[in-house]
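J.: Below is one structure. I have some questions about it.
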Amino acid sequence: MADKLSSEALDIIFHQARTFSAWLDKPVGEDVLRAAYDLAKLGPTSANTMPMRIVFVKSAAAKERLKPALMEGNREKTMAAPVTAIFADDLKFYENIPRLFPQAPGMKAMFDKPEAAERTKIHAFRNATLQSAYFIIAARAVGLDCGPMSGFDNAKVDADFFPDGRFKSNFLMNLGYGDRSKLYPRLPRLEFDEVCKIV
């Protein structure tokens, strides 16, 4: 795996990719969402536990359900986006360990007990967030633009979309085809020497 991505590919997923708040009136097909997930699922997670769960909010009725949970500044852009993804953590991810990590199926017992609740929650949050980052790269790779955001009432989202309590919302991400004419200049980024140390 020594080959590098082309500069064109890097432009798509990094250099020219932006966070969008304005969207073109162009639908996103289910096939595109599936293609993005099929790439994202290949990214590594601890013991292959894959705790990320996604609800793709597309219909007008579902958008109206989501709207009351949004902060005012996020409502217009979310209602205009072709798709809004609710990224969540599955707190019972361990039920899939025997299938997803067959070399050590007994790992399920590490999480499947009341005294492990905090460890289970941390594991789910950390690894689902990692998967969500993979999804951003995957979505860009299949031609989508992304607008990840906080700024919503998690409790309201969970009560409406995850009422049994098994899944806990993490963040939202608008998906579609962004209107580049509405972009602001790219914001500055911290440089390597400000962030990294080699020891």
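The values are calculated or read from the model by the stated rules, or taken from the named source; none is laboratory data. All figures in this text were calculated on a predicted structure; none of them were measured in a lab. Neighbour counts run over all protein chains shown; Cβ positions are idealised from the backbone, glycine included. Areas reflect the complete protein model, heavy atoms only, side chains present, ligands, DNA and RNA absent. Shrake-Rupley method; radii C 1.70, N 1.55, O 1.52, S 1.80 Å.
J.: Of the conditions (1) assigned to a helix (DSSP H, G or I); (2) basic (Lys, Arg); (3) surrounded by fewer than 12 Cβ atoms within 10 Å (Cβ to Cβ), Lys156 fails just one. Which one is it?
T.: Of everything listed in (1) assigned to a helix (DSSP H, G or I); (2) basic (Lys, Arg); (3) surrounded by fewer than 12 Cβ atoms within 10 Å (Cβ to Cβ), Lys156 misses just condition (3).
J.: Let me ask something additional. Go through (1) more than 23 Å from Arg186 (Cα to Cα); (2) of a type in the set (Val, Ile, Thr); (3) surrounded by fewer than 18 Cβ atoms within 10 Å (Cβ to Cβ) one by one and return the number of the condition Val28 breaks.
T.: So the condition that Val28 fails would be (3).
J.: Do you know which of the residues in the stretch 135-144 that are under 13 Å from the mean Cα position of the chain (by Cα) and farther than 24 Å from Leu70 by Cα is surrounded by the fewest Cβ atoms within 10 Å (Cβ to Cβ)?
T.: The qualifying residue surrounded by the fewest Cβ atoms within 10 Å (Cβ to Cβ) is Ile137.
J.: Collect the residues in the stretch 123-170 that are of a type in the set (Phe, Trp, Tyr) and either touching a strand residue (DSSP E or B) at 6+ places or on another chain (Cβ under 7 Å) or under 15 Å from Thr78 (Cβ atoms) (or both), keeping them in residue-number order. Step through it out loud before you land on a result.
T.: To start, the set of residues in the stretch 123-170 that are of a type in the set (Phe, Trp, Tyr) comprises 125, 134-135, 152, 161-162, 167.
Across the stretch 123-170, the qualifying residues are Phe125, Phe152, Phe161, Phe162, Phe167.
Per-residue answers, yes or no, for (1) part of a loop (DSSP other than H, G, I, E, B); (2) among the hydroxyl-bearing types (Ser, Thr, Tyr):
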residue: Arg34; (1), (2): no, no
residue: Tyr37; (1), (2): no, yes
residue: Leu42; (1), (2): yes, no
residue: Ala62; (1), (2): no, no
residue: Leu66; (1), (2): no, no
residue: Asn74; (1), (2): no, no
residue: Asn96; (1), (2): no, no
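J.: Taking Ala40, is it surrounded by 15 or more Cβ atoms within 10 Å (Cβ to Cβ) and in contact (Cβ under 8 Å) with a residue 40 or more places away in the chain? Lay out the reasoning, then the answer.
T.: Working: surrounded by 15 or more Cβ atoms within 10 Å (Cβ to Cβ): yes; in contact (Cβ under 8 Å) with a residue 40 or more places away in the chain: yes.
In short, yes.
J.: Moving to a separate point now. Going residue by residue through the stretch 103-121, is there one that turns out to be modelled with pLDDT of 95 or more, closer than 30 Å to Asp145 by Cβ and part of a loop (DSSP other than H, G, I, E, B)?
T.: no
J.: Being touching a residue at least 60 places away in the same chain (Cβ under 8 Å) and open to solvent by 100 Å² or more (accessible area, probe 1.4 Å) is the filter here; which residues of the stretch 181-197 pass it?
T.: Of everything in the stretch 181-197, those that are touching a residue at least 60 places away in the same chain (Cβ under 8 Å) and open to solvent by 100 Å² or more (accessible area, probe 1.4 Å) turn out to be Lys182, Arg186.
J.: Pick from Gly147, Gly178: which is in contact with a Cys (Cβ under 9 Å, 6 or more places away or on another chain) and crowded, with 19+ Cβ neighbours inside 10 Å?
T.: On the way: Gly147 fails: in contact with a Cys (Cβ under 9 Å, 6 or more places away or on another chain).
Testing whether each residue is in contact with a Cys (Cβ under 9 Å, 6 or more places away or on another chain) and crowded, with 19+ Cβ neighbours inside 10 Å leaves just Gly178.
J.: Moving to a separate point now. Of these, Lys41, Lys4, Lys26, which one is under 20 Å from Phe167 (Cα atoms) and not aliphatic (A, V, I, L, M)? Spell out the reasoning first.
T.: Details: Lys4 fails: under 20 Å from Phe167 (Cα atoms); Lys26 fails: under 20 Å from Phe167 (Cα atoms).
Selected residue: Lys41, the only one of Lys41, Lys4, Lys26 that is under 20 Å from Phe167 (Cα atoms) and not aliphatic (A, V, I, L, M).
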